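The values are calculated or read from the model by the stated rules, or taken from the named source; none is laboratory data. Fair warning: this is a prediction, and the values are worked out from it, not measured in the lab. Note: ideal-geometry Cβ built from the backbone for every residue, glycine included; neighbour counts use all protein chains shown.
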Amino acid sequence: MPRLRSGGANKLTIDNGQLTIKLLLEDLHQELADTGSVQFYVRAVPNAPQTKVLEVMADDSVKIAVAAQPEKGKANVELLKFLKKEFGGNVQIISGQSARIKLVKAIL
């Protein structure tokens with residue numbers, strides 16, 4: 001069963017969006033290095049001027065602006081391209097192909 005990442009007691013919670021993003025990305029990279037794969041939820045925001053991480057949501061999903069339209073898979077292609085640059089290796093959308101909330105898996 002896919003797991004939704006949850007902030008634990010050891011997670012630093014500061015009202016500083018950039019620090020929170022950095023800490024979550026470091027955590028995801030560490031899990032990828034330790035286990036060979038990592039799953040997390042993405043909230044895609046299409047039609048953005050550039051593709052970038054916007055914020056970490058309260059449920060630890062990652063809100064990402066996507067510089068593509070949500071038609072004919074264009075936004076998914078752009079999202080995967082961005083995530084492959086961040087995590088390397090193989091990145092795939094496990095569920096939510098046609099939804100804004102997607103379960104993504106990165107594999108070394």
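Results, tabulated for the structure shown:
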| quantity | calculated |
| --- | --- |
| Some residue of the stretch 39-49 being among the aliphatic types (A, V, I, L, M), assigned to a loop (DSSP other than H, G, I, E, B) and either on the phi > 0 side of the Ramachandran plot or surrounded by fewer than 14 Cβ atoms within 10 Å (Cβ to Cβ) (or both) | no |
| Counted residues, the stretch 74-94 - those being small (G, A, S) and loosely packed, with under 14 Cβ neighbours inside 10 Å | 2 |
| T35, sole failed condition from (1) within 19 Å of F82 (Cα to Cα); (2) modelled with pLDDT of 90 or more | (1) |
| Where a residue in the stretch 90-101 is in a loop (DSSP other than H, G, I, E, B) and its partner, wherever it lies, is surrounded by 12 or more Cβ atoms within 10 Å (Cβ to Cβ) and of a type in the set (S, T, N, Q), with Cβ under 9 Å and at least six apart | Q97/N76; S98/N76 |
| Within the stretch 58-73, considering residues that are within 27 Å of L108 (Cβ to Cβ) and either of a type in the set (D, E, K, R) or in contact with a strand residue (DSSP E or B) (Cβ under 6 Å, 6 or more places away or on another chain) (or both), the one surrounded by the fewest Cβ atoms within 10 Å (Cβ to Cβ) | D59 |
